[in-house]
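Working notes, structure below.
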């Protein structure tokens, strides 16, 4: 391919795998923090450890 043909090539994803992986990890972290906070509040309100 020459330079002019290379300029016309389209392809690839707009989001890379690393970006998607980072977003999934951030979502998992937020979910886990929500669970921990909810459990802590429930234990505090009911005054029970388990």
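The values are calculated or read from the model by the stated rules, or taken from the named source; none is laboratory data. Treat the numbers as computed from the prediction; the structure is a model and nothing was measured. Reconstructed Cβ throughout: ideal geometry from the backbone, glycine too, with neighbour counts over all protein chains shown.
General observations
- Check on residue 5, in a helix (DSSP H, G or I) and over 31 Å from the mean Cα position of the chain (by Cα): yes
- Unique residue being on the phi > 0 side of the Ramachandran plot and surrounded by fewer than 10 Cβ atoms within 10 Å (Cβ to Cβ) when the list is 7, 47: 47
- Boolean, residue 39 is out of contact with any helix residue (DSSP H, G or I) (no Cβ under 7 Å at 6 or more places or on another chain), at pLDDT below 80 and surrounded by 10 or more Cβ atoms within 10 Å (Cβ to Cβ): no
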